[in-house]
Amino acid sequence: MIAEVIVDITSGETDRVFDYLCDDDTKVGARVLAPFGPRMLPGFVMGLKDKTDFDPAKLKKIKPVEDGLSALTEECVRLAKVIARRYAVPLALSLRLFLPSEMRTGKVKELVKRYAVLSVDLGEAHFPKSAKNQIAAAEYLSVNGKTDCALLNKQFPGSVAALEKKGYITVTFEQVQRDPYKSVEGEAPERRLTVAQENAVSFIKSDERTVQLVHGVTGSGKTEIYLTLIADCLREGKSSIFLVPEISLTPQMLAQLRARFGKNAAILHSGLSAGERFDEWWRLRTGEAKIAIGARSAVFAPLEDLGVIIIDEEHDGSYSSETAPRYNTFDVALLRAKRNGCKLVLGSATPSVETYKRALEGEFGLIKLTERINKKPMPEITVVDMRKEVRRGNNTAFSSALMEALEETLATGNQAILFLNRRGYSQTVICKECGYVAKCEACDVSLTYHRDEDCLKCHYCGTRYNMLSGCPECGSKKLSYAGTGTQRVVESLKHAFPNARILRMDNDTTSGKEGHYKILKEFSDKKADILVGTQMIAKGHDFPAVTLVGILDADMSLHFNDYRSAERTFQLITQVAGRSGRAEEKGRVVLQTFSPENDVLRFACRYDYEGFYRMEVSMRQAALFPPFSKIVRVLVSGEDQKKTLDVLKTVYFALEEIYKANQDKFLFFNKMAAPIKRIENKHRYQVLMRLTDGAVLPQIYDACMEARSRDALISVEENPANLS
Ligand code: ADP
Ligand code: ZN
Ligand code: ZN
């Protein structure tokens with residue numbers, strides 16, 4: 001038999017399959033070692049066939065990698081091929097999505113152990129006198145039975161191989177399992193679904209459309225709907241994938257899932273060690289676990305016969321990958337749902353404009369949950385005008401209204417969350433006296449301050465503007481380039497409330513293995529009174545004692561340099577506000593802003609998603625931003641500046657051809673340096689396009705495939721989440 005093998009390295013020239021001889025029982029998806037020049041390289045079997053165009057006498061033979069199962073399922077192999085084409089990446093790179101990196105690099109220790117048992121009676125075994133170790137090992141085995149080979153070899157060096165050769169022992173491989181959730185405890189109350197939940201479940205099951213959107217306010221019981229769907233699949237012997245933003249896998253959530261599904265669920269998240277992650281993956285691959293739960297990469301779980309795929313908080317930015325292949329989780333999930341003939345369920349309190357539009361147009365099923373489970377009202381949001389605070393001489397990050405609310409909350413023994421709206425490196429210029437924000441004249445998105453060049457830039461068209469010396473509207477010199485950092489907020493809080501116990505959660509405090517789990521656990525165990533954090537604390541958490549949420553700078557994301565700023569702001573406010581008053585006691589929210597008259601904030605304060613959506617969609621239509629166009633960025637990055645530029649030129653000319661032939665399909669087309677010109681020593685250039693629709697996309701991808709080179713990486717992004 002002939003196997004088509006792809007070797008697991010990603011340089012340009014090897015991105016094709018090579019023919020090798022293989023054993024008849026070789027399976028598609030198997031991991032193999034293939035002779036490649038003087039080396040043996042790891043690879044995968046992509047296909048099998050009887051004939052080859054090459055001279056069969058010259059074909060070399062592959063060696064299987066021992067692991068019992070094929071590493072990849074056939075569906076995964078097929079999907080990897082689609083993804084490689086779709087996102088213009090080498091097949092080897094797309095295959096890597098489907099395997100835990102631990103498996104490829106062989107870094108996991110003791111994932112399988114070898115065990116030896118005697119296969120003959122001790123009396124029948126014949127040893128030369130000198131074989132002391134073999135004799136001792138055989139005696140040990142006859143007394144102790146099945147023994148770890150590593151242990152035998154340690155005590156009686158060389159014995160295992162020698163005994164195996166003689167046929168005196170049988171060696172078996174056994175999976176050793178780590179249980180990462182041993183310490184996670186929790187109960188899973190059997191809940192009766194509410195009528196609304198019941199209706200949602202039966203609608204999802206009976207409606208014929210593949211994609212179903214559950215639009216339910218925070219606390220409306222969406223999670224219970226997902227868990228019911230998953231449990232039903234499990235009963236029918238089908239498997240499920242449940243995707244959540246990484247941050248939603250809180251200790252409470254883990255405990256709930258664990259209690260509900262036990263060993264049927266494999267929970268993948270960044271707090272696991274490499275070995276633990278591998279084991280969870282392996283349990284899915286062998287079919288021992290039928291439910292994969294995790295962040296976006298769990299969409300590649302090696303499950304067969306899927307019954308449902310769920311994407312919770314579907315609007316969340318973490319669902320687009322920021323490293324090649326820059327896949328979109330929804331697209332991959334949809335491919336899998338179609339292939340398996342199962343439903344893809346999206347859930348959110350604040351669906352993305354694009355998703356909601358498709359639901360309203362009838363492409364997706366739409367289920368609405370308009371009330372919280374216990375009919376509790378949403379917490380009231382008080383808007384504070386920070387311009388007035390500044391004029392009154394208060395230059396701190398806290399308004400007097402917020403200080404009072406904090407005092408009250410602490411006095412009653414409740415908890416508070418203070419939220420800082422901070423995104424990446426981006427910096428916006430805002431006037432602290434009148435709320436003016438610098439925007440691009442052509443694109444109507446906020447400009448970004450670039451410290452290195454001391455100028456303002458638009459990330460959508462590349463236009464440069466001079467730095468402002470004062471506010472063009474009111475002449476004030478009080479311009480702010482960035483809000484206060486979390487650290488400074490914590491310091492001034494400590495000053496104001498010396499007795500309060502304060503926790504801080506942001507990118508700086510959550511690195512390391514335990515990361516945010518520890519902080520969240522402390523807070524939920526009421527070991528702290530105030531939690532200060534960035535968007536990390538916005539999502540999904542259920543802290544019953546939190547009765548106050550303060551949003552320190554609601555503006556910051558409003559003026560982010562992105563056409564989705566309004567959407568992001570609405571989502572963030574709704575999500576953070578939803579953390580307040582989830583249990584018995586009434587909650588409230590204090591929202592500080594420099595632009596209280598802003599419509600986005602007004603809709604958010606009324607929890608009026610529909611109103612917000614209608615306004616936003618008409619703005620997007622007028623400005624021809626997605627979903628009324630497609631923004632495509634081709635990013636070229638490489639270490640050698642000249643070579644990178646050469647690759648850029650090649651791509652650019654190819655793309656320009658497409659542009660010239662299809663001018664009616666382009667709203668914008670230009671090449672330029674990327675807003676951040678160097679990251680990790682790589683020079684970055686881009687071709688930026690805005691298309692009327694996706695019609696020319698396949699041509700663009702083909703052109704990028706064609707221009708591929710070992711000198712620079714070319715990546716294509718559609719409606720990228722981040723244009724830096
Ligand atoms: P969402 O995901 O929509 O924000 P959750 O699923 O977190 O909402 O539900 C909000 C709260 O209501 C949770 O504390 C959950 O335990 C509770 N809950 C959900 N469904 C039910 C039910 N059928 N009966 C009783 N409590 C429920
Ligand atoms: Zn001003
Ligand atoms: Zn612009």
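Derivation of every value follows stated rules applied to the coordinates shown; laboratory data play no part. Bear in mind that the values here come from a model prediction, so they are computed numbers and not experimental data. Cβ placement follows ideal geometry from the backbone for every residue including glycine, while neighbour counts extend to all protein chains displayed.
Observations
- Binned Cα-Cα distance frequencies in the stretch 571-724 - 5 Å width, integer %: 2, 8, 14, 15, 13, 10, 9, 9, 9, 7, 3, 1, 0
- Packing order of peptides 127-134, 271-278, highest average first: 271-278, 127-134 (average count of other Cβ atoms within 10 Å over each peptide's residues).
- For the stretch 36-53, 3J(HN,Hα) computed residue by residue from phi via the Karplus equation (6.51, -1.76, 1.60; θ = phi - 60°) reads 9, x, x, 10, 9, 10, x, x, 10, 7, 9, x, 10, 7, 8, 10, 9, 7 Hz, glycine and proline entered as x.
- Treating each Cα of the stretch 638-709 as an identical point scatterer and summing with the Debye formula, the log10 of I(q)/I(0) at q = 0.14, 0.23, 0.28 Å⁻¹ comes to -0.45, -1.04, -1.29.
- Entries of K457/K671; K357/K521; K439/K642; K27/K61; K263/K518 with Cα pairs more than 26 Å apart: K357/K521; K439/K642
- For E441, E389, order by how many other beta-carbon atoms lie within 10 Å, fewest first: E441, E389
- Prolate/oblate/rounded label for the stretch 612-666 (Cα gyration tensor, a/c 1.5): oblate
- Put simply, the C-alpha atoms of the stretch 312-454 give a gyration tensor, and the ellipsoid matching it has half-axes of 37, 27, 15 Å, longest first.
- Taking the chain as a whole, the Cys residues whose C-beta sits 4.7 Å or farther from every other Cys C-beta are C22, C76, C149, C233, C342, C455, C461, C605, C704.
- Calculated from backbone phi, Karplus (6.51, -1.76, 1.60) coupling profile of the stretch 437-453 in Hz, x at Gly/Pro: 10, 6, 10, 6, 5, 7, 10, 6, 10, 5, 7, 10, 7, 10, 4, 4, 9
- In the chain, the convex hull through the Cα atoms has an average projected area of 38.3 nm², a quarter of its surface area.
- If the chain linking R391 and E164 were pulled fully straight, counting 0.36 nm for each residue of separation and taking away their Cα-Cα distance, it would gain 73.2 nm.
- Using C-alpha pairs under 8 Å with a sequence gap of at least 6, the mean separation divided by the residue count of the chain gives a relative contact order of 11 percent.
- Under the simplified labelling scheme, the S492-F203 pair shows an inter-label distance of 4.5 nm, with each label point 7 Å from Cα along Cα→Cβ.
- Full extension of the chain between D646 and I676 yields a length gain of 8.9 nm, computed as 0.36 nm times the residue separation minus the alpha carbon distance.
- If you plug the beta carbon distance of D454 and K132 into 1/(1 + (r/R0)^6) with R0 = 51 Å, you get a FRET efficiency near 0.05.
- Over all orientations, the stretch 227-337 has a Cα convex hull whose mean projected area works out to 6.7 square nanometres.
- Label reach from D444 (point 7 Å along Cα→C-beta): in the stretch 585-604, amide nitrogens under 20 Å belong to 595-604.
- The ranking of C605, C704 from fewest to most other beta carbons within 10 Å of each one's beta carbon is C605, C704.
- Within straight-line reach of K129, meaning a Cα separation under 20 Å, sit the following lysines at least 8 residues removed in sequence or on another chain: K165, K166.
- Sequence-ordered 3J(HN,Hα) estimates for the stretch 528-536 from the Karplus curve with 6.51, -1.76 and 1.60 and θ = phi - 60° stand at 8, 9, 10, 10, 10, x, 9, 3, 3 Hz, glycine and proline given as x.
- For the Cα trace of the stretch 510-652, dividing Rg by the Kirkwood Rh returns an Rg/Rh value of 1.11.
- All lysines inside 20 Å of K432 as judged from Cα atoms, apart from same-chain residues fewer than 8 positions distant: K388, K477, K478
- Summarising the label geometry, the points placed 7 Å from Cα in the beta-carbon direction at R191 and R85 lie 4.3 nm from one another.
- Once the Cα-Cα distance is subtracted from the 0.36 nm per residue extended length, the K586 to L360 segment shows a gain of 78.0 nm.
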